[in-house]
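The values are calculated or read from the model by the stated rules, or taken from the named source; none is laboratory data. Values in this document were obtained by computation on a predicted structure and should not be read as measured data. Virtual Cβ from ideal backbone geometry, glycine too; neighbours counted across all protein chains shown. Quick note on the areas: whole protein, heavy atoms, side chains included, nothing else; ligands and nucleic acids left out. Shrake-Rupley method; radii C 1.70, N 1.55, O 1.52, S 1.80 Å.
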Amino acid sequence: MKNLKTFSLVLTMLISFLTFGQKDKAVIGEKTITGIVSDASGPLPGANVAVKGTSRGTQTNLEGKYSIKAKTGEILVFSFIGMKQKTVKIGTASTINVKLENAVALQEVVVTSMSIKRKSKEMRSDQIQNAPVVGYVQGLQINTPNPSSHITIRGTSISDKKDQIQHQQNNHTNPMYEGDEDYDTFVENPFESPKNAPLSTFSIDVDNASYTNVRRFINNGQVVPKDAVRVEEMINFFKYNYPQPKDQHPFSINTEYSECPWNMNHKLVRIGLQGKNIPTDDLPTSNLVFLIDVSGSMSAQNKLPLLKESFKVLVGQLRREDNVAIIVYAGAAGLVLPPTSGSEKQTIINALDNLYSGGSTAGGAGIELAYKTAAENFIKGGNNRVILATDGDFNVGSSSNGEMQTLIEEKRKSGVFLTCLGFGMGNYKDSKMEILADKGNGNYAYIDNIQEANRFLGKEFKGSMFAIAKDVKIQIEFNPNHVKAYRLIGYENRKLRPEDFKNDAIDAGELGSGHTVTALYEIIPTGSISDLYSENTELKYTKVEPTGTKYADELATIKFRYKKTDGDKSIEMVNVIADKPVKLENTPDDFKFSSAVAWFGLKIRDSKLVINKSSDDIKKLAKSGLAYDEQGYKAEFIRLVEAVL
């Protein structure tokens, strides 16, 4: 070992000697740079630190600390949303502390339930805590009545972000965290004739990982990879105001028919499902297995450290009767916490805090052990679930997507559900995460910050972790008397064959307590002219004759099938959509907003089936549907639209 180290040192010195005097004399050798990024109020967690012109980057931890490999002469770029970017050239020092400044001057404001007013006024601390923030003023500071404390709201510098994205588009570059991320390629759904394809069948999808991932790219000033955009997951990130079910079924069905905002002369059908909201006290007992990736690829601050804090949010939701086991995997898989009552929160948290990263990634072995543990502690009629947290970089054992799919399809037969939580950037493997969730009776979320963890694992814990129906399928038949052509917006990897609808052996999506699911169909009405679809009028054997007046008032018939969470036989529901379109301005706010989200997703995917791609028009439609936004997610969406040209 000693000889090896000596040889390595000599080799390094030789290389340095040979390269000395080259064009870039300052770049001699790589070293570890550490430091703290702060602002006027102290250490700044979640700040971006990148080596300019490379794919190397990291984020600061909860104490504002960072660590990154770089070479003398290279330039570090420090950035945070709503703050001025700062660059530092690396010299001899190995510690670089940076203080960032707000992009715009701070202003004192009044926070009300409806708006932000630009004037000074005193408020009680309880008023500030209880008042939702709505508005678009960036870089605000709100002073509390206690002079020793303050609340800082950091906004986004839209103009700076637009400049970054435009520069990258013009130069075909993506300088920050480009790494080795992996997304499945897919082709958007085309228009189809109801004469040739009378049935459209698909599985519901409650995942929303694509939206938070897209948000991450935009907030980092990056161009969004086309295949990272799954429009249905963007739509379903948001919750819509559908009525609760009033019968024996676990969800209500809601349909609307109006104008298509992005293509003149086209129409839009919205299908909305609202899952029954089960009171917390009535939820089944949980048998949870945390399956945590602690391999070397999870060392970054936005991976394992963020993962630990995220799981603590989930632990806070547990009850005494719930049980949690923790399994980790790196080069091998192992049980680090046997099933433990939800009342022993500190014991669970201590086990999380003791996790460290290192080694390769035996994802397959981890899945095997997690499902085995869940099966050994299976609760009949309970919520039996594996919660997998990883960057998706499986590279040992069952590593290929095909092998992973086969493995997870076999495991879902056990009656154990699956939740996949994605972390990190640079080498993120979205394709593997999506396969696991789609094929394993599961759902999938991407956690890019602690706020998202609080949303998915805290505020929406019941919908994320407790299924009320499984294998939910939708099949729609359009009336050719009124529909020349149709296309499903998104759900490309959730489409099923018509015969799969009644086949109970075919897997489909799960619906959680209180969950909403939304799907959109774009319609070309009979008799209208569209440059996006050419009807084949020369078919001899598949020509469908008009049906007369028998179904003259029906646009489509829509069917649903689902199973109870512990059942094997599906139950069917049927609904009819009337041929009575309403003006877009007369539709509910949720119709307008969900349409705007779909429109934006189609725009950043560069859809060839969208005529109007104006961000201003998307923003205008979204704002018209902004009536209910208690958490501020819809206002955040509008800021993302503003950031993309």
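Across the alpha-carbon set of the range 347-502, the Rg to Rh ratio works out to 1.02, Rh being the Kirkwood radius.
Hand me the chymotrypsin sites (Phe, Trp or Tyr not before Pro) from the range 524-628 located in a DSSP loop with no more than 10 other Cβ atoms within 10 Å, in residue order please.
On the way: sites: Tyr533, Tyr541, Tyr551, Phe560, Tyr562, Phe591, Phe593, Trp599, Phe600, Tyr628; in loops: Tyr533, Tyr541, Tyr551, Tyr628.
Counting only loop positions with at most 10 other Cβ atoms within 10 Å, the chymotrypsin sites (Phe, Trp or Tyr not before Pro) in the range 524-628 are Tyr541.
Charging the Cβ of each Asp and Glu at -1 and of each Lys and Arg at +1, and nothing else, the dipole of the range 235-352 about its Cα centre rounds to 180 debye.
Full extension from Gln244 to Asn503: what is 0.36 nm times the residue separation minus their Cα-Cα distance, to one decimal in nm? If you can, show how the numbers build up before the last one.
Numbers: separation 259, 0.36 × 259 = 93.24 nm, distance 2.80 nm.
Between Gln244 and Asn503, full extension yields an extra 90.4 nm.
Each residue of the range 267-284 was assigned a 3J(HN,Hα) from its phi angle through the Karplus curve 6.51 cos²θ - 1.76 cosθ + 1.60 (θ = phi - 60°); the sequence is 10, 9, 10, 10, 10, x, 10, 10, x, 5, 8, 8, x, 3, 5, 9, 5, x Hz, with glycine and proline shown as x. With all protein chains kept in place, the per residue accessible area of the range 424-561 amounts to 38 square angstrom at a probe of 1.4 angstrom.
The H on the amide N of His515, modeled in the peptide plane, is under 5 Å from the matching H of Gly275, each at least 5 residues off or on a different chain. Averaging 1/r across all pairs of distinct Cα atoms in the range 515-645 and inverting the result yields a Kirkwood radius of 18.5 Å.
Residues whose amide H falls under 5 Å from that of Ser38, counting only those 5 or more places apart or on a different chain, are Leu44, Val98, Lys99, Leu100, with hydrogens built in the peptide plane. In straight-distance terms, cross-link reach from Lys580 covers every one of the lysines whose alpha-carbon lies under 17 Å from its own, apart from those fewer than eight places away in the same chain; here that gives Lys267, Lys484, Lys550.
The packing ranking of peptides 38-47, 569-578, 229-238, highest mean first, is 229-238, 38-47, 569-578, where packing means the average number of other beta carbon atoms within 10 angstrom of each residue.
Based on a Kirkwood Rh over C-alpha pairs, give the Stokes-Einstein translational diffusion coefficient of the range 439-544 at 37 °C and viscosity 0.692 mPa s in µm²/s.
Values: Rh = 17.3 Å.
Value of D from the Cα-based Kirkwood radius: 189 µm²/s.
Between the amide H of Thr526 and those of Val483, Lys484, distances stay under 5 Å, these residues lying 5 or more places away or on another chain, with hydrogens modeled in the peptide plane. Across the cross-link table entries Lys563/Lys592; Lys226/Lys495; Lys303/Lys459; Lys372/Lys564, which are compared at the Cα atoms, the separations over 25 Å belong to Lys563/Lys592. The phi torsions of the range 234-246, fed into the Karplus equation with coefficients 6.51, -1.76 and 1.60 and a -60° offset, translate into couplings of 5, 4, 7, 5, 8, 9, 10, 8, 7, x, 5, x, 10 Hz, rounded to whole numbers, with Gly and Pro shown as x.
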